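Okay, so here's the structure we're looking at.
The values are calculated or read from the model by the stated rules, or taken from the named source; none is laboratory data. Keep in mind the model is a prediction, meaning the values are calculated, not measured. All Cβ positions, even for glycine, are placed from backbone atoms using ideal geometry, and neighbour counts span all protein chains on display. In case anyone asks, the SASA skips ligands and DNA or RNA and just uses the protein heavy atoms, side chains included. Shrake-Rupley method; radii C 1.70, N 1.55, O 1.52, S 1.80 Å.
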Amino acid sequence: MHPLISAEKLATVMDDVQICDIRWDLTDPTKGRQTYRRGHIPGAVFVDLDSDLSAPPGTSGRHPLPSIEEFAATLGKLGIDPATRVVTYDDVSGQIAARFWWMLRSIGHEEVQVLDGGLGAWVDRGGSLATGDVTPEPTEYPVPAGFTGTVSHDDLVGHTVIDARAGERYRGEHEPIDPKAGHIPGAINIPTTANLDHTGRFLSSSALSEVYGEISDHVAVSCGSGVNACHDALAMVVAGRPMPEIYVGSFSEWSRRDKPVATGPHP
């Protein structure tokens, strides 16, 4: 299954998919649910990045993965079973929604796509919005063996590390939340904005191949807390490359473990 779905295509399959709204804001984690209630794609259920897709923050980062048992329970609560086709979206061109896409792919759930262009693309095509909450019919998701495709801070040696954060955070010019400013030494910066065109939709496969063309296949993607990294992973899959590994702890873990940090525009 192609990892992206257009708003036009989504409109034709809405009865056959579970739509998930994953809006979230770094400065106000409650904003996502509030904006969801004010207007969301009809039938979409709200998925909370902090409570549904992450364990509590700590030394392992701001958005560590939940236990596999907790994730399976969350999927069941959302009305998702192994046969469910899932479409996930946000209002920032997939930068948050890609986390859920990657988590599902990580447990072997292939029937998942990200809405290309997010909520904006749906509205631009004249799509209607619903208000309030949607409560899906619960089901059961058998507990998978575990998350695959992750790498720890101790195992980055030998990987090409991509940092998906904005350039000013990579360079150490601005750090709004983590204890140090800068980047993991040796990491190269490919911010999520490099994956998108001026409309907020993903670049074509050929264009993304140029963005990632010089990168080796032994890749680990990092960001602030293991969320935006999944956007770069999604872009690499769209480009026809293998799924990279994700350093879930990312810079939020790296900086809290007092590891060396580089600054400036170079790795």
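Apply the Karplus parameterisation 6.51 cos²θ - 1.76 cosθ + 1.60, with θ equal to phi minus 60°, to every residue of segment 168-180 and state each ³J(HN,Hα) to the nearest whole Hz, in sequence, with x for glycine and proline.
For segment 168-180, the Karplus-derived couplings read 5, 6, 4, 6, x, 7, 8, 9, x, 9, 8, x, 10 Hz, x marking Gly and Pro.
Taking the chain as a Gaussian network, Cα atoms linked when under 10 Å apart, which of GLY224, GLY186, GLY249 shows the biggest mean-square fluctuation?
The residue with the greatest mean-square fluctuation here is GLY186.
Counting only protein chains, not ligands or nucleic acids, how are THR148, THR84 ordered by accessible area (probe 1.4 Å), most first?
Highest to lowest solvent-accessible surface, that is THR148, THR84.
Just need log10 I(q)/I(0) for segment 83-158 at q = 0.13, 0.15, 0.20, 0.28 Å⁻¹, Debye formula, equal scatterers on the alpha-carbon atoms, no solvent, rounded to two decimals.
-0.56, -0.71, -1.04, -1.28
What is the sum of charges, Lys and Arg at +1 and Asp and Glu at -1, for the other residues whose Cβ falls under 14 Å from the Cβ of ARG201?
On the way: positive: LYS9, ARG125; negative: GLU8, ASP90, ASP91, ASP116, ASP124, ASP197.
That sum, taken over residues with Cβ under 14 Å, equals -4.
Can you tell me how much longer the chain between MET1 and GLU210 gets when fully stretched, taken as 0.36 nm per residue apart minus their C-alpha distance, in nm with one decimal? Show your work: numbers first, answer last.
Numbers: separation 209, 0.36 × 209 = 75.24 nm, distance 2.23 nm.
Value of the extension gain: 73.0 nm.
Read through the labelled values (i) 18.3, 55; (ii) 16.9, 48; (iii) 17.6, 50 and report the label of the one computed as Rg and Dmax of the Cα atoms in Å from the structure.
Label of the calculated value: (iii).
Calculated FRET efficiency, THR193 and LEU129, Cβ-Cβ r, R0 22 Å, to nearest 0.05? Kindly include the intermediate steps, with their values, before the conclusion.
On the way: r = 26 Å, r/R0 = 1.18.
With R0 = 22 Å, the Cβ-Cβ based efficiency is 0.25.
Could you compute the net charge surrounding ASP178? Neighbours are other residues with a C-beta less than 11 Å from the C-beta of ASP178; K and R count +1, D and E count -1.
On the way: positive: ARG62, ARG165, ARG169, LYS180, ARG256; negative: GLU175, GLU253.
Spelling it out: positives minus negatives among the neighbours equals +3.
Determine which aspartates and glutamates satisfy two conditions relative to LYS259: a Cα distance under 12 Å, and not lying fewer than 8 residues away in the same chain.
List returned: ASP154.
Round to the nearest 10 and report in Å² the accessible area of ASP16, as given by a 1.4 Å probe over the protein chains' heavy atoms.
Here the accessible area works out near 110 Å².
Determine the share of the chain's accessible area contributed by carbon and sulfur atoms, expressed in whole percent, with a 1.4 angstrom probe.
Details: 5530 of 11070 Å².
Here carbon and sulfur together make up 50 percent of the probe-accessible area.
Can you list the GluC sites (Glu not before Pro) in segment 89-183 that are in a DSSP coil and have 14 or fewer other beta carbons within 10 angstrom? It would help to have the intermediate numbers written out before the result.
On the way: sites: GLU110, GLU111, GLU140, GLU168, GLU173; in loops: GLU110, GLU111, GLU140, GLU173.
Of the GluC sites (Glu not before Pro), the ones in loops of segment 89-183 whose Cβ has at most 14 other Cβ atoms within 10 Å are GLU110, GLU140, GLU173.
Which one of LEU75, LEU156, LEU26 has the biggest mean-square fluctuation once the chain is modelled by GNM with Cα springs under 10 Å?
Sorting by GNM fluctuation, first place goes to LEU26.
Return the whole-Å distance between the Cα centroid of segment 12-36 and the Cα centroid of segment 171-229.
Distance between centres, Cα-based: 23 Å.
With springs only between Cα atoms under 10 Å, which of HIS63, HIS153, HIS198 fluctuates most in a Gaussian network model of the chain?
Its mean-square fluctuation being the largest, the pick is HIS198.
How much of the DSSP bridge set in segment 151-267 is antiparallel, in percent, rounded to the nearest 5? Before the final figure, lay out the partial values.
Values: 2 of 10 bridges.
In segment 151-267, DSSP labels about 20 percent of beta bridges as antiparallel.
At 1.4 Å probe radius, can you tell me the per residue accessible area of segment 179-267 in Å²?
On the way: 3480 Å² over 89 residues.
Per-residue value: 39 Å².
How much length would be gained if the chain were fully extended between GLU173 and VAL143, taking 0.36 nm per residue of separation minus their Cα-Cα distance, in nm to one decimal? Could you put the intermediate results ahead of the total?
Numbers: separation 30, 0.36 × 30 = 10.80 nm, distance 4.26 nm.
Extending this stretch completely gives an extra 6.5 nm.
Using bins 5 angstrom wide from zero, how does P(r) for segment 1-142 break down, in % of all Cα pairs?
Histogram of Cα-Cα distances, whole percents per bin: 2, 10, 20, 25, 22, 13, 5, 1, 0.
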